[in-house]
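FYI, it's all coordinate maths here, none of it is from the lab. What you see is a predicted model; the values in this text were computed from it and never measured. Cβ: placed from backbone, ideal geometry, glycine included. Neighbour counts: every protein chain shown.
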2 protein chains.
Amino acid sequence: MQNDTFLRALRREPTDYTPVWLMRQAGRYLPEYTRTRARAGSFMTLAQTPDLATEVTLQPLERYPLDAAILFSDILTVPDAMGLGLSFAEGEGPRFERTLRDDAAVASLDVPDMEKLRYVFDAVSSIKRALAGRVPLIGFAGSPFTLACYMIEGGGSEDYATVRTMAAARPDLLARIVDVNARAVAAYLREQIAAGADAVMIFDTWGGMLTAAAYRRYSLASMRAVLGALAADTATRAVPTIVFTKGGGGWLDEIAACGAAGVGLDWTVDLAQARARVGARVALQGNLDPLVLLTDPETVAREAIAVVEAAGPAPGHIFNLGHGIVPRTPPDNVAALVEAVHRASRRAR
Amino acid sequence: MQNDTFLRALRREPTDYTPVWLMRQAGRYLPEYTRTRARAGSFMTLAQTPDLATEVTLQPLERYPLDAAILFSDILTVPDAMGLGLSFAEGEGPRFERTLRDDAAVASLDVPDMEKLRYVFDAVSSIKRALAGRVPLIGFAGSPFTLACYMIEGGGSEDYATVRTMAAARPDLLARIVDVNARAVAAYLREQIAAGADAVMIFDTWGGMLTAAAYRRYSLASMRAVLGALAADTATRAVPTIVFTKGGGGWLDEIAACGAAGVGLDWTVDLAQARARVGARVALQGNLDPLVLLTDPETVAREAIAVVEAAGPAPGHIFNLGHGIVPRTPPDNVAALVEAVHRASRRAR
């Protein structure tokens with residue numbers, strides 16, 4: 001590996017500077033992405049064609065000296081492989097043909113045959129070859145609970161009312177869904193690692209809207225099950241893991257004890273306080289407000305440096321946003337961000 | 001006062017049972033509210049006509065043995081009185097004719113003449129007379145920052161991008177807006193207290209989407225300024241205050257030190273942990289997930305009792321939801337909630 005700064009920071013080893021990568025770094029804010037996406041015709045074709053997924057995964061690395069690549073894919077590949085029928089209508093979010101709301105639908109749910117997700121593992125292998133050891137490749141999956149949200153609602157939702165009422169009124173149903181999802185996510189990440197992923201991240205986008213008790217039971221416990229399965233397997237235990245619960249700042253102590261090497265923080269978390277709370281237990285990843293990237297290069301640099309300073313001198317900080325890059329981000333602001341993080345952190349060492 | 005349980009709990013004095021009121025307890029889930037609203041013709045007419053505001057404020061108290069009434073009004077009355085031109089289009093959220101996005105607009109902002117808000121204070125007086133000492137009346141205002149969100153965006157927003165970018169790129173503009181708002185909110189609450197409000201609450205609906213640093217600077221500091229103004233005035237200092245930052249669970253220690261008698265908690269906060277963290281410093285108000293009210297009376301009772309138990313035996317818990325009642329709530333579930341809280345907490349004493 002020519003640049004393993006990201007992996008060393010994730011293991012809380014000293015590094016010459018703070019490594020940086022950005023959630024959704026391959027995406028719509030890049031004109032070259034939009035062109036590839038148009039050529040593909042649909043988002044699903046882009047995600048399901050290893051050559052195209054490789055092309056867009058590498059695009060941000062051609063522009064910026066980022067310290068990691070992340071597989072271009074979608075968290076909903078897993079429930080799609082479970083037979084729920086995923087589609088992305090133009091200008092709308094994801095939709096499933098079938099939802100999981102009653103006993104019969106939930107009873108028939110099972111871990112999918114990983115061969116149905118071969119296109120993802122082929123993309124991982126293809127990206128690894130294209131990277132040729134420049135930087136590590138991060139694989140990822142949605143958290144068992146976040147996948148359950150889409151599977152139950154049949155798509156995105158403003159308040160996930162069906163999920164939240166199910167958590168209170170039918171805990172048995174929700175428990176079974178996240179249990180199946182946890183086994184599916186563990187198998188999915190295992191195959192991504194077998195195909196070459198150097199680290200894996202679990203995105204828990206919606207755990208933060210649960211009550212604390214429901215978060216523990218349905219989201220955190222199922223992520224712990226995934227991490228436990230990876231840790232118990234000699235083929236995967238050496239690969240570092242990151243968990244990210246958006247809105248999970250209030251539960252940081254418990255999240256930091258879940259078994260992951262790193263914990264992602266959204267932009268509402270005080271990074272200095274977070275480091276003081278978790279000590280040297282885990283690496284911390286984050287946490288610039290992604291909307292700062294809508295301002296100007298000077299503001300971006302100033303705010304990014306404030307995050308580097310909040311992280312402090314202890315090893316184990318990976319710079320990132322507190323959520324994904326928004327599509328209307330000017331690409332020049334991303335350049336200013338990466339440059340400021342590298343420069344300021346190098347100087348502080 | 002025939003029933004001062006709410007006020008005693010807010011002062012952390014022992015009570016025979018846990019008092020309960022519900023955010024948006026006067027609202028669209030009640031058929032009698034919908035009828036009055038239809039008679040009024042518009043939401044603004046309803047809020048601006050003291051007789052009608054009195055009628056809807058008392059409706060939930062006729063149905064349920066609630067321990068407090070809350071003024072029927074809207075947080076946006078204040079920026080409306082500042083001349084921003086508030087309207088509510090049917091089926092949409094609030095809209096302002098004018099927004100605050102540049103130096104000139106912000107420079108011209110000033111604390112409004114409180115006579116423009118006389119209809120609110122008249123409603124407070126009218127409700128007090130109608131209550132005739134049955135239960136306390138809660139007055140309220142939006143937090144200076146939450147008001148700023150609507151004033152800057154011109155209405156509600158999915159991500160408040162203009163506000164969040166202003167916080168990073170033009171901190172001087174945002175600081176001036178929240179400063180004017182803090183003086184306006186202090187004057188507004190002072191007049192509500194003069195008209196008879198027995199307690200006042202500050203609703204900080206959007207502070208939780210800020211970075212920790214921006215929350216301290218723009219939301220928490222301005223709420224502290226409001227509370228400080230009320231505490232410095234002999235006419236208002238005896239009236240207890242509550243602050244509620246939705247999504248503020250991660251900053252609980254700082255919020256609990258802001259000078260309010262009580263702190264509202266959204267449903268994501270672990271109430272037992274919150275009590276352990278703040279000790280006897282403040283009363284805690286909350287925090288059932290409002291969507292639990294969409295289930296059935298048995299589930300509602302079970303989940304409500306879990307909140308009562310999480311609050312523990314120490315004085316100073318006011319039962320509430322973690323956010324407002326949603327319109328499709330079945331009224332019978334609210335009856336089950338109030339009954340369960342009163343019964344379980346009485347038994348636990």
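General observations
- Secondary-structure-derived ellipticity at 222 nm for chain B, considering helices only, amounts to -13500 deg cm²/dmol, per-run term -39500 (n - 2.57) for DSSP H runs with n ≥ 4.
- A simple spin-label model places pseudo-atoms 7 Å from Cα toward Cβ; at B:Ala231 and B:Glu13 they are separated by 2.1 nm.
- Exam field: A:Ala257 pseudo-label spacings to other copies (7 Å along Cα-Cβ), nanometres: 2.5
- Axis-nearest residue of A (beta carbon) for the A-onto-B rotation, whole Å: A:Gly250, 2
- Point-charge dipole on Cβ atoms (K/R +1, D/E -1) for the stretch B:5-348, about Cα centre, debye to 20: 640 debye
- For B:Gly83, the label point sits 7 Å beyond Cα toward Cβ; its separations from the matching points on the remaining copies run 6.6 nm, from shortest to longest.
- Antiparallel %, DSSP beta bridges [both residues in the stretch B:5-348], to 5: 15 percent
- Given R0 = 30 Å, the distance between the Cβ atoms of B:Asp113 and B:Glu92 translates into a calculated FRET efficiency of 0.55.
- Per-residue mean of foreign Cβ neighbours for A:244-251 is 4 (Cβ atoms of other chains, 10 Å radius).
- The GluC sites (Glu not before Pro) of the stretch B:258-349 include none that DSSP puts in a loop with a beta carbon having at most 10 other beta carbons within 10 Å.
- Pairs of Cα atoms nearer than 8 Å and 6+ residues apart set the relative contact order; for the stretch A:5-265 it is 17 percent.
- Look at where the Cα atoms of the stretch A:16-38 and of the stretch B:32-85 average out, and the two centres are 48 Å apart.
- Rounded to the nearest 10 degrees, the angle from helix A:171-194 to the longest Cα principal axis of chain A is 50 degrees.
- Nearest 10 degrees, 0 to 90: helix B:221-231 Cα axis against chain B principal axis: 70 degrees
- For the protein assembly as shown, the antiparallel share of DSSP beta bridges with both residues in that region comes to about 15%.
- Of all aspartates and glutamates in the structure, those lying under 19 Å Cα to Cα from B:Lys128, and not within fewer than 8 positions of it along the same chain, are B:Asp4, B:Asp51, B:Glu55, B:Glu62, B:Asp67, B:Asp74, B:Glu191, B:Asp198.
- Between B:Ala272 and B:Arg28, the C-beta separation translates, for a Förster distance of 25 Å, into a calculated FRET efficiency of about 0.15.
- Lysines whose Cα lies under 22 Å from that of A:Lys246, excluding same-chain neighbours fewer than 8 positions away: B:Lys246
- Within the stretch A:116-193, the GluC sites (Glu not before Pro) that combine a DSSP coil assignment with at most 15 other C-beta atoms in a 10 angstrom radius are A:Glu158.
- The slack between A:Met1 and A:Asp159, meaning 0.36 nm per residue of separation minus the straight C-alpha distance, is 52.6 nm.
- Among the GluC sites (Glu not before Pro) in the stretch A:1-108, those placed in a DSSP loop whose Cβ has at most 12 other Cβ atoms within 10 Å are A:Glu90, A:Glu92, A:Glu97.
- A crude spin-label estimate for the pair B:Asp253 and A:Glu309, with each label 7 Å from Cα along the Cβ direction, gives 2.1 nm.
- The gain in end-to-end length when the B:Arg349 to B:Arg129 segment is fully stretched comes to 75.9 nm, 0.36 nm per residue minus the alpha carbon separation.
- Average beta carbon contacts from partner chains per residue of B:256-267, 10 Å cutoff: 1
- Cα centroid separation, the stretch B:154-183 to the stretch B:272-331 (Å): 31 Å
- Sorted from shortest to longest, the distances between the B:Ala107 label points of this copy and the other copies are 7.2 nm, with each point 7 Å from Cα along the line through the beta carbon.
- Between helix A:297-311 and chain A: long-axis angle, C-alpha atoms, 0 to 90°, nearest 10: 80 degrees
- Normalising the average separation of contacting C-alpha pairs (under 8 angstrom, six or more residues apart) by the number of residues puts the relative contact order of the stretch A:1-116 at 19 percent.
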